[in-house]
Amino acid sequence: MRRVLIASLFGLAAAGFTTSVAAWERPREAARRAAQCTPWHGPYFHAAWGSPVALVVPPTAEYQTKWRWGVPATQISPIYHQFQLGYPGPVDPSIGLYATPRWPSHTDQFGVYYVRGPW
């Protein structure tokens, strides 16, 4: 009985190792999943363009720094979305984007959002 239990545990462990994602692909896989569930932009639009603006950064960039007034003044967050060829269409105006406040308190309020460039 004990041998069967040990053999089954080793079998399950081996199956788990063969079906898992490689360690170097895990951050990319997590970013891909998060990008499918969230929009590439935040709740503000750029004042000059009237819609959110994508700031394309190198494809190897993984994190962005967001600045704001107060404590804590900085926030480091991952960049999930990656630029793809093909125009996705205009941003739906019915989602209710906000204009930049007269005195912005956060860098997201300018309507410019990071998007990783294509490979």
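No value in this document is a laboratory result; all are computed from the given coordinates. Keep in mind the model is a prediction, meaning the values are calculated, not measured. Cβ atoms come from the backbone with ideal geometry, glycine included; neighbour counts cover every protein chain shown.
Report the local net charge at residue 112: Lys and Arg +1, Asp and Glu -1, summed over other residues whose C-beta lies under 15 Å from its C-beta.
Neighbourhood net charge equals +2.
Pull up all non-local amide H partners of residue 51: gap of 5 or more, or a different chain, and H-to-H distance under 5 Å with H placed in the peptide plane.
46
Determine, from the Cβ-Cβ distance of residue 103 and residue 57 and an R0 of 25 Å, the FRET efficiency 1/(1 + (r/R0)^6), rounded to the nearest 0.05.
0.40
Determine ³J(HN,Hα), in whole Hz, for all residues of region 51-60 in sequence, where each value follows from phi through the Karplus function 6.51 cos²θ - 1.76 cosθ + 1.60 and θ = phi - 60°; x replaces Gly and Pro.
Working through the residues one at a time gives 8, x, 10, 8, 9, 7, 10, x, x, 8 Hz.
Please list, in chain and number order, the residues 5+ apart from residue 57 or on another chain whose amide H is under 5 Å from its amide H, with Hs placed from the backbone.
Residues meeting the amide H criterion: 115, 116, 117.
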